[in-house]
Amino acid sequence: MKKVITYGTFDLFHEGHYNLLKRAKALGDYLIVGITTEHYDLQRGKLNVIDPLLKRIENVKEVRLADEIIIEDHEGQKQEDIQKMNVDIFAIGSDWAGAFDYLKQYCKVVYLDRTPNISSTKIRQGKHPIVQLGIVGSGRIAPRFLKEAKYVSGINARAVYNPHEKSARDFGEKYELEYYFGEFGDFLQQVDAIYIATPHQTHYNYARIALERGKHVLCEKPLAFSVKSTEELYGLAQKMGVVLMEGIKTAYCPGFNQMMNIAKNGIIGEIRDVEACFSRITHPSLREMVDEKYGGAFLEFGSYTLLPIFKLLGCKYESVEFDSILADNGVDLYTKVHFHFREGLALSKTGVGVKSEGQLVIAGTKGYILAESPWWLTRSFEVRFEDPKRIERYSPKFLGDGLRYEIADFVAKIDGNDKMAYFLTKEESIAMAGVVEKFMESRE
Ligand code: C2G
C-alpha cells in the first residue's frame, strides 16, 4: 500500500484545496492529511486564518478524499510523521516548490500544480473589501508600521497625512503611497481606517474627528490623557459602528498572551506582585526629552508597564502613588508608580534618562515568572519556584517588529471578527488612561 501525506491550513476550503487533495490521493492508495493548528499558523506567520481548526477538519472530511486526518502543531513534525507512519510520498502545492526537498531523505517529494487564481486570501478579500488605510503622522513609527502591514493581508496603506504638507509629500513619495495630504478632512475622504502615529497630545483630536466621520481608528498609546476623553472615544466608536483600538503592541503579541495565561493558570499560585520596567536612554534632542508637558518616561513607556499589571491584578486598585526624577525642564527622566490592590502590589518603572533592568517579574504564592528585557516583545520567559533547579522555560515565536499582530487584529475586527477582543479590553485601556490622568495631575 502506497501512503501519501500532505499538509495545509485549508482555511475557507476552496476548489484549489479540493484539486490538491484529489491529485495527492491519486498518487497512492492511502492519503493522510495534516491540518495545522491555529497556534502553529501564528508561529509560521499566517496571521489571518478565519476558520477554527474543527471547521477546517470538517471541511477536509466532507470531500471524502482523506483516509486519515492528523493535526500539525510544530516545526519538524513532518519528518516525525513520515517516519512514524511509513509514508512513501510527500505531496504539496507548487507554491512550495523546493521548500520541502529536505524531506527527500525520508520519502519521495512531489510538488503538485497549484490551481491558478484561487486562494483563501482572495476569498477573504472577496468577503471583505481591502481596508484602505491612512497614516496620520510621518515620524519615527510610521515607516515601521508600513513595513509590518505588508505581512497582513486585507489591508492597504494608501495615504499619509502631516499638517506640514511637505513632510507628507516626502514620506508619500519615499514609501510610494497613492496619496499625501496636508489637510485632515481631504485625507479622511480617501481612507476607511487610520493609524495615528503623532505626538501624544494630538491623538485624541485626530481620533475623535476620524471616528465622527465613521473611520476605524488604530491609535498609538496613550489614546488620551483622561478617563473622560477615553470613554468618549470608545462611546463614539460604538455609536458610529467602527473599530477603535489602542496600539499597545505588546497586548497583541502571542508570547505575551501565553505568558499572561500561564501566570493565571495557578502554577505560580495566587498572584501577589507584578513589577514591570521599561527604560531607554533617550537622546536629549528628541521629543521625549524636550517636550515639558507631554514628554518624559511615563507617558512614553507607561502603557507597556501598566499592561501586565492590569491584566494580572485587575483594573481596580486601591491606591496609586508616583515618584519621579525630573530633568531641569520638568520632564520625568525616571518614574516609579506604586499600586496597592486588595490582593497584591505592583510597581511600574519607566526611564528615559535612567537605565534599569527591563524585567517583568510576576510573583505568586507558589512561584514566579521572570521575563527578561525585552519582555514587551515576549520572546522568552521562565516559570521559577522555591527549588532553584525547577525552571520551566518558554520561548514563543515573535515575528518581525511585532506590529503585524496588532495590525492583523485591527483588520480582523474591522471584518467583524473580534474573537481576540480580550487582548486589550476597553476597560483596560480606560484604566490606563486613569493612571495617566492621575500622573498628569500629580505633576501640576
Ligand atoms: N493549494 C493549491 N491551489 C491553490 C491554493 C492552495 O494547490 N489555489 C494547495 C497548497 O499548495 C497546499 C494546500 O493547497 O498544498 C493547502 O494550502 P494552504 O491551506 O494554504 O496551506 P499551506 O500554508 O500551503 O500549508 O505545514 C503546512 C504546509 O506547509 C502548507
Exercise for the section: Give, in nm to one decimal, the length gained when the segment between Asp101 and Thr425 is fully stretched (0.36 nm per residue of separation minus the Cα-Cα distance). Expected result: 112.2 nm
Handout entry: the stretch 44-126 - accessible surface per residue (Å², probe 1.4 Å)
Key = 58
Problem - Pairs of Lys in the stretch 3-112 closer than 21 Å at Cα, counting only those 8 or more apart or on different chains - result: 23
Practice task
May I ask you to give the solvent-accessible area per residue for the stretch 190-298, in square angstrom, as obtained with a 1.4 angstrom probe?
Solution key: 37
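So what is the diffusion coefficient of the stretch 254-397 in µm² per second by Stokes-Einstein at 20 °C and 1.002 mPa s, using a Kirkwood Rh over Cα pairs?
136
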Problem - Three-way shape call for the chain based on the alpha-carbon gyration tensor, with the a/c threshold at 1.5 - result: oblate
Problem - Largest-first ordering by accessible area, 1.4 Å probe, given options His17, His39, His338 - result: His39, His338, His17
Handout entry: Solvent-accessible area of Val274 with every protein chain in place, 1.4 Å probe, in Å² to the nearest 10
Key = 0
Handout entry: Candidate residues Arg443, Arg124: accessible-area rank, largest first, probe 1.4 Å
Key = Arg443, Arg124
Handout entry: Gained length - Arg342 relative to Gln359, 0.36 nm times residue gap less alpha-carbon distance
Key = 3.7 nm
Handout entry: Links that overshoot a 28 Å alpha carbon limit, given the list Lys147/Lys397; Lys221/Lys336; Lys122/Lys264; Lys215/Lys355
Key = Lys122/Lys264; Lys215/Lys355
Handout entry: Among beta bridges that DSSP assigns inside the chain, antiparallel share in %, nearest 5
Key = 40
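Note the full-extension length gain between Ile391 and Lys293 as 0.36 nm times their separation in residues minus their Cα-Cα distance, in nm to one decimal.
Result for the pair: 30.9 nm of gain on full extension.
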Fill in the blank from the handout: With the dipole of the chain defined by +1 on each Lys or Arg Cβ and -1 on each Asp or Glu Cβ, the option from Tyr304, Ala193, Asn86 whose Cα lies farthest towards the positive pole is Asn86
Handout entry: Distance (nanometres) between label positions extended 7 Å along Cα→Cβ at Lys239 and Glu62
Key = 4.2
Practice task
State the antiparallel share, in %, of DSSP beta bridges confined to the stretch 254-397, rounding to the nearest 5.
Solution key: 80
Exercise for the section: Taking a cut-off of 18 Å between Cα atoms, list the aspartates and glutamates near Lys150, but don't count ones fewer than 8 places away on the same chain. Expected result: Asp41, Glu173, Glu176, Glu178, Asp192, Asp401, Glu406, Asp409, Asp415
Exercise for the section: Find the centroid of the Cα atoms in the stretch 128-180 and in the stretch 374-444, then give the distance between the two in whole Å. Expected result: 25
Exercise for the section: Would you work out the relative contact order for the chain, in percent, from Cα pairs under 8 angstrom that are 6 or more residues apart? Expected result: 13
Problem - Rounded Å value of the spacing that divides the Cα centres of the stretch 269-308 and the stretch 1-52 - result: 45
Exercise for the section: For the chain, with all protein chains present and a 1.4 Å probe, just round the carbon and sulfur fraction of the accessible area to a whole percent. Expected result: 48
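The values are calculated or read from the model by the stated rules, or taken from the named source; none is laboratory data. Just so it is clear, the structure is predicted and the values come from calculations on it, not from any experiment. Note that we place each Cβ from the backbone using ideal geometry, even for glycine, and neighbour counts take in every protein chain shown. Each accessible area value is taken on the protein alone, full model and side chains, heavy atoms only, with ligands, DNA and RNA left out. Shrake-Rupley method; radii C 1.70, N 1.55, O 1.52, S 1.80 Å.
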